[in-house]
Each structure stands twice: as structure tokens, then as C-alpha cells.
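The next block holds one structure in the form of C-alpha cells; read it before the comments.
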Amino acid sequence: MEEKLKQIKSRFEEVNAAMSDPAVFDDPDTYTELTKERSDLEELVQDYDTWKDLKNRQEGNKELIEMNEDAEITEMAREENAEIKKELGELEEEIKMKLIPKDPEDSKNAIIEVRAGTGGDEAAIFAGDLFEMYRRYADKQGWKMSIMSIAHSEKGGYKEIVFQLEGEEVFGKMKYESGVHRVQRVPETESQGRVHTSAATVAVLPEVEEVDIHINPADIRVDTFRASGAGGQHVNKTDSAIRLTHEPSGIVVECQEERSQHQNKEKAMTMLRAKMYDIELEEKQKERAAERKSQVSTGDRSAKIRTYNFPQGRFTDHRINLTLYDLDNIMKGGIDEAIEALRVQDNLEKLNALAED
């Protein structure tokens, strides 16, 4: 750990020196990159300085204890070292977590697809409940949401809804939501009062730029159609909705939420890039998960990850055996505790993998 911290401090000093070069101010891109790198390193450098200071004080106290020239001073040195030992332990654990390499995808915005699964009308209603949960969570995070595609269900909720979230660390938090979400409750459509089990699937894709993935325009078939709302009522009278088909892969995306064909095509291209990139990312996640036997980021979208049991007010995340009896608050967007627990477990697995290397 100390060797790694030395390297970080050395790089921090190099970045500081580079930023003091007047020529850098004439290159905004380089200056921005250096500023970001300096910001990323600064906290660890401060931790390293604190760690060195604690170690020096600990060594000084050890010398006083060994000399044992004054009983009172010796006792004070022992007491201080007991406190320093505790501080060092806590600081070293924090540093270890900070040394875990950041996933470059985590800072990206995200595109989320929520689809009704098994369970008919109730599954569509539950998909709507999940969307509302994410909408409220996004509000609490200060993220911007925009709808990309909706397929309404006659009895309420959605057969499918696709939306974009923009903000800080969106993908880093939302990525743990990918998978099958199961609900157990008495449906509104059930007259006998029996508990049914239904499901909805969630896919979280990192939003990517054109430079992240190249798509040959010749491989895309563009179709236009008339946008329509719930119940088949037309939103407008022009063919503004867009369907893109990537012919080599068979991936199809649609967007009809914007008023103009141009805006819908832009959003559809964003969705297509995300889907193409996600195929590559999912393979990488599966490889990483297999290497460290991860229960958190398996990349398997077919895995049942959650159960929402309404009669018991119980929320269970099966990947980390987390059970919370706070379902009402969770459905109102209070999923912070679950996401944080998943992030901690993911980091612990990464930390263990680093220790084995």
C-alpha cells in the first residue's frame, strides 16, 4: 500500500509542475485533463500525508516507551499510541477502498429500460411502479430524466418504458438495478384477494459518445411512422417517430417522444449506440464476474435480483442477502441503502481480487 501511495504522490507532484507551465493554459483540453487528474489524486495524497504523520508519531512514542525515563511521559506515549493504532487502522481501510480502480463507465449517464415480464396486466403495473421509484430516486439525486420510448398498458403501467438519466455518477449507482425484479402482492385486477407473483426486467445501459463506438451508417435502416399515445390516440399528424434497425446485429430501437423527426432520430441513435456498447460491456462484466465469482456485477440480465413482497412490507436483494422491511419508503425512491450496500460489496470483491493479484 505504501509503495502505491508513493507513486500517487509522485504523480501528483508531476501534475502540479505541469499545471504551472504557462504553455498549458493555451491548451484548454490538456489543462482540463490535468485539473481532473489532480482532483482525483489530491484526497489520496492528503490521506498519505496523514498516514505518514501518524506513523512518525507512533515511532517517536515507541522510542519514549523504550527509553522509559519518566513514568508519566511513558504512560502518555502508550495511551497516544493506542489511539494512533486505532486511527491508522481506520485510515488504512479508507485508503484501500480509495485505491480500488474506478470503473470508467461509472461517471457516464445511463439509459434505463423497464419491461413488463411474466404476470400480464399486473406485471405492466409493476413496471410502472418501478419507473416511479426510479423517477423519485433520480429527483433526490438531482438527476435530469427524459423519456425516450413508451408502450402503455391498457390497465395501467407500461409494457415498456425507456428513459435517460443525466447527472453525476448515474451509471455507477444505477448499474446494480439490471436484472429481474419480482413482486408479490394482491393485484388491483384480482377480485379474490389472492397474492400473485409477477415480474419486470430492468436493463441499465451506459450512455456513450460516437467516439466510444463506431457504427457504420450504411448498416442502419431508418423507418418513420406516426407517433401515437396511450389508447392509440395520435400525438401529431406527421411521421415524426423513428425506428432504427442495425441490420448486422438485428438490434431495433424506436423513439417517438420528441416533436420532430430530427430529435427522435438523435435520441434513437443514442439508444442504439448504448445497446451496441452494452453488448461489449456485458461480455467484459461476465469475464470479470467469473474471475472473482462476483454476486453483484454478473452482467446476467436474466438473473432474479430482487423480490418486493407487499403483504409483508419486505424488500429482498438476493445477490447480497439484504432484507429491508421498509418497502413503502423504497417504492417512493428510497433505494439508497440497497444501492450503497451493493456498492460496498462490489468494492470488497474488487479489493479481494487486488489482494490475490
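The values are calculated or read from the model by the stated rules, or taken from the named source; none is laboratory data. Values in this document were obtained by computation on a predicted structure and should not be read as measured data. As a convention, Cβ positions derive from the backbone with ideal geometry for all residues, glycine included, and neighbour counts pool all protein chains shown. Surface accessibility is based on the protein's heavy atoms, side chains included, excluding ligands, DNA and RNA. Shrake-Rupley method; radii C 1.70, N 1.55, O 1.52, S 1.80 Å.
Points worth noting:
- Counting only strands (runs of 3 or more DSSP E) that fall entirely inside the stretch 138-197 and contain at least 3 residues that are under 20 Å from L342 (Cα atoms) and under 23 Å from the mean Cα position of the chain (by Cα), the qualifying elements are 179-185.
- Long-range neighbours under 7 Å by Cβ, at least six apart or interchain, first residue closer than 15 Å to G179 by Cα within the stretch 113-137, second assigned to a helix (DSSP H, G or I): V114/A127; V114/L130; V114/F131; R115/A127; A116/A123; A116/A124; A116/A127; G117/A123
- In this structure, A200 does satisfy being within 26 Å of the chain's Cα centre (by Cα), farther than 26 Å from D103 by Cα and touching a residue at least 60 places away in the same chain (Cβ under 8 Å).
- Note on the stretch 4-48: residues that are open to solvent by 60 Å² or more (accessible area, probe 1.4 Å), charged (D, E, K, R), closer than 28 Å to E93 by Cα and at pLDDT 85 or above total 7.
- The set of residues from the stretch 63-101 being assigned to a loop (DSSP other than H, G, I, E, B) and surrounded by 13 or more Cβ atoms within 10 Å (Cβ to Cβ) comprises just one member, I100.
- From I84, I73, I111, I65, residue being within 30 Å of R343 (Cα to Cα) and out of contact with any strand residue (DSSP E or B) (no Cβ under 6 Å at 6 or more places or on another chain): I84
- Residue in the stretch 53-61 that is closer than 24 Å to L99 by Cα, loosely packed, with under 14 Cβ neighbours inside 10 Å and not polar (S, T, N, Q) present: yes
- Number of the condition not met by P104 [criteria: (1) modelled with pLDDT of 95 or more; (2) in a loop (DSSP other than H, G, I, E, B); (3) not charged (D, E, K, R)]: (1)
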